[in-house]
1. Is one or more of the residues making up region 124-135 in the same structural domain as Tyr169 (by TED's automatic domain parsing), in a helix (DSSP H, G or I) and not hydroxyl-bearing (Ser, Thr, Tyr)?
2. Take the residues of region 225-256 that are in a helix (DSSP H, G or I) and among the aliphatic types (A, V, I, L, M): which is surrounded by the fewest Cβ atoms within 10 Å (Cβ to Cβ)?
3. Among the residues of region 262-293 satisfying the criterion of being of a type in the set (D, E, K, R) and surrounded by fewer than 21 Cβ atoms within 10 Å (Cβ to Cβ), which is nearest to Ala227 (Cα to Cα)?
4. Need pairs with beta-carbon distance below 6 Å; first residue closer than 26 Å to Asp134 by Cβ and polar (S, T, N, Q) and within region 163-184, second modelled with pLDDT under 90 and crowded, with 21+ Cβ neighbours inside 10 Å; sequence gap 6+ or separate chains.
5. Restricted to region 103-135, and to residues that are aliphatic (A, V, I, L, M) and surrounded by 20 or more Cβ atoms within 10 Å (Cβ to Cβ), which residue is nearest to the chain's Cα centre (by Cα)?
6. Among the listed residues Glu360, Glu393, which satisfies the condition of being acidic (Asp, Glu) and over 30 Å from Phe213 (Cβ atoms)?
7. Write out, first by first residue and then by second, each pair whose Cβ atoms fall under 6 Å of each other, whose residues are 6+ apart or on separate chains, and whose first residue, in region 141-158, is surrounded by fewer than 20 Cβ atoms within 10 Å (Cβ to Cβ) while the second is among the charged types (D, E, K, R).
8. Taking the criterion of being within 30 Å of Tyr116 (Cα to Cα) and among the aromatic types (Phe, Trp, Tyr), would at least one residue in region 340-350 satisfy it?
Amino acid sequence: MFLSEGLYYLRFKSRNSLCPFYEILRSLSYIEESPTVISQSSSLYAHSGPHRHCRSTMSTSSSESDWQHLLINEFFEVKIPSRHPESTVTQAQCFQVARQILQVLDIKHVGIQGQYSFTLFSPIRSKIIQFRLDSLDDNLLALVHQVYEHESPKVERYQGPISFPLPIYISDLAKGVYLPAIEHPALVKPFPIETQLRTVIDLARFIARATHFPQPPGMCLPDSWTASAPLFLDQLIHTFATHAPDLSPIVERTRSDLHLLDMLPIVLTHTGLGIGNIFVDRDDGHITAVIDWDHAGLEVFGLSVWTLYECFLSYKQWDEIHFYTNIVSDGRPAHQVLEEAFWNEIWLSVSDRIDRKKHEEAVKAAVTLWILNRYFRGSETTFDINNEEHASELARARAIFEYMEKSKETASLNT
């Protein structure tokens, strides 16, 4: 939501190009690194995600600036007239209303816009103001604030005297440093194990905290990842039989284990908990904020754990997936130290609500389900190995599942 919305629509074109989003972050004093470091980190942090349909529509020959202009023009010239045919809304009107609401002249638009909103900010007031095509779920926003009061900037709908055709939302800027603005750990020598440990431990606590606010079992919507899992997996089994037979056993096992999910609580779940939505303390790696709750929902506990494997144990550089094999002070590879710390913390943090011996297999099923969702939701019936993005998603999923299997074997040998 707000500052990060649209990150998934950005394609980093080259190691030597500085994307517009980093320019806007620098204007907010979020970035101090040189352009070389930032562009290197960009290629490492860029990752595949669930918004394939958005990224695939962008021509690789267009500049990032052109792409942003296309998004903005489409929002005002196509989407608003389609959704609100009785209204005429312009960029100039949004700027004018933002100045009136925030009572400041210094209003700028963020460097990356979303597909369904137009977002502005005031550096002086440290406020984000967003004009959305549709309203957000007020109950969900209230739950986010209840569960993550200290980590998520409160988002409130404008209810003042100024009338406007679109719903308007206001939020504080997130505290800390936008995670991709920090030099990528793969570029740091020696590997920054202490700051990475702090981040993954905080991540575990963040995910676990939702279990302290369990929701009624029947609260999952029909289109939630949890409720729609049987149909999704059935379709994926059929697709993988042809295109990825090596992953078929994983899908079939997950399908047969779905009943285990009934053992887990229904919790508030951030479905896009990637690095693009996380802010940290530059010095110690402590997570200071998590943003972009637009597509959050109520799901079984454990789905958010996918981010550990995609964003904190591995990275994708161009078409290759790498895990952090850097040897740290205790003689083990960094990925092993980080994974162990994460799971130790998450089981400790949920111990009064979820018993590891009883629920570990259920949590593993939830994690596997979400990894499959992460890379194949939307292509479960249309998967084409000759499609570049489909092939890329398949490679990422394979790498993570292979890693998880080896990690399980290593853990067994050490017990």
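1. Taking every residue of region 124-135 in turn, none turns out to be in the same structural domain as Tyr169 (by TED's automatic domain parsing), in a helix (DSSP H, G or I) and not hydroxyl-bearing (Ser, Thr, Tyr).
2. Filtering first and then ranking leaves Leu231.
3. Out of the qualifying residues, it is Asp262.
4. Pairs that qualify, where the first residue is closer than 26 Å to Asp134 by Cβ and polar (S, T, N, Q) and the partner is modelled with pLDDT under 90 and crowded, with 21+ Cβ neighbours inside 10 Å, are Ser171/Phe2.
5. Ile112
6. It is Glu393.
7. Pairs found: His145/Lys154.
8. Within region 340-350 (the criterion being within 30 Å of Tyr116 (Cα to Cα) and among the aromatic types (Phe, Trp, Tyr)), the answer is no, since none of the residues qualifies.
The values are calculated or read from the model by the stated rules, or taken from the named source; none is laboratory data. Predicted, not measured: the structure shown is a model, and the values here were computed from it. As a convention, Cβ positions derive from the backbone with ideal geometry for all residues, glycine included, and neighbour counts pool all protein chains shown.
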